[in-house]
Structure formats: structure tokens, C-alpha cells
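FYI, it's all coordinate maths here, none of it is from the lab. Not measured: the values here are computed from a predicted model. Here the Cβ positions follow ideal geometry from the backbone for every residue, glycine too, while neighbour counts run over all protein chains shown.
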């Protein structure tokens, strides 16, 4: 599956905290890149401030966070920091091992989607592409003074 558009979605794929298991995030980054998206991939062990700064510098549409331990519990701090930095339109997705009660907490904190083990390549690509389109629309509306999320 290939995503076709004039400007490809820009996706930051990263890991927060101390979890260094990055096989899944590397695989998803390759899926997205092969589908025609621009992927910015970081090494594991990122701090929230560094992710926000990179999202700003790279003008990303979506941030994908991989979690195999409990590092997904840091994501609500990331969504707050994005909002405070004027990046509330950037969509955040989480992939990996996330218990049901934590998934509810993440969604309430502004995460757009949680992908569990077994999520298909096509499902991830289609969802990230759709979220990127929404993020661009909202980011464009915000820059044009329309803050209703348009």
C-alpha cells in the first residue's frame, strides 16, 4: 500500500523514557516510509522536551510512540507539552503493549489511537495517513486564525 499525495505526511517515530526495545518502532517506521511518508526516526531514550523540540523543528503531523514497558505512561505529559508549545494539532499515536485501563487514560489525554500487537501494516498506514491529514488541516486553520479545529 502506498499513500499518494502532493506533500507526504511527516511522522516522528520515537521512544520515551528508558525502554530501549526498538525493533517494533523500526519496523513501523519502515512501513510508513515505504508507503511514501517522510519519517523522522530517533534513537530510544528520548526526553519529552527533546521530542517536542524535534516535532517543532521538523513540522511533523503525527508522532508515533512505541512502548513495550510502561513508558507509555509518559505520553500524557507529552500531549500537554505539545499543546503548550502550540502543537496541539499534532496527532499522537502509541503502539505496543498497553493495558486496557492505560489505553483509556491515553485516549482521554489526547492520544488519537493505540495500536496493539497484531495491528496490520495497512491499518497503521491508513490510520496515520488520515490523522496526518486532520493535523495539517487543523494546523493550517490555527495559522490562519481559525481555532475551531476546522
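Here are the numbers for the structure shown:
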read-out	value
Candidates 84, 103 - the one that is surrounded by fewer than 19 Cβ atoms within 10 Å (Cβ to Cβ) and under 19 Å from residue 124 (Cα atoms)	103
Sole residue being loosely packed, with under 15 Cβ neighbours inside 10 Å and within 19 Å of residue 128 (Cα to Cα), chosen from 35, 30, 49	30
Leading residue by the ranking (surrounded by the fewest Cβ atoms within 10 Å (Cβ to Cβ)) among those in the stretch 106-142 that are assigned to a loop (DSSP other than H, G, I, E, B) and out of contact with any strand residue (DSSP E or B) (no Cβ under 6 Å at 6 or more places or on another chain)	118
Scan of the stretch 81-98 for residues that are farther than 19 Å from residue 22 by Cα and touching a helix residue (DSSP H, G or I) at 6+ places or on another chain (Cβ under 9 Å), ordered by number	81, 82, 84, 85, 86, 87, 88, 89, 90, 91
Leading residue by the ranking (surrounded by the most Cβ atoms within 10 Å (Cβ to Cβ)) among those in the stretch 8-27 that are without any contact (Cβ under 8 Å) to a residue 60 or more places away in the chain and closer than 22 Å to residue 133 by Cα	13
Spans of helices (runs of 4 or more DSSP H) in the stretch 1-98 with at least 2 residues under 17 Å from residue 119 (Cβ atoms) and touching a strand residue (DSSP E or B) at 6+ places or on another chain (Cβ under 7 Å)	23-34
Residue within the stretch 38-57 that is closer than 17 Å to residue 136 by Cα and touching a residue at least 60 places away in the same chain (Cβ under 8 Å) present	no
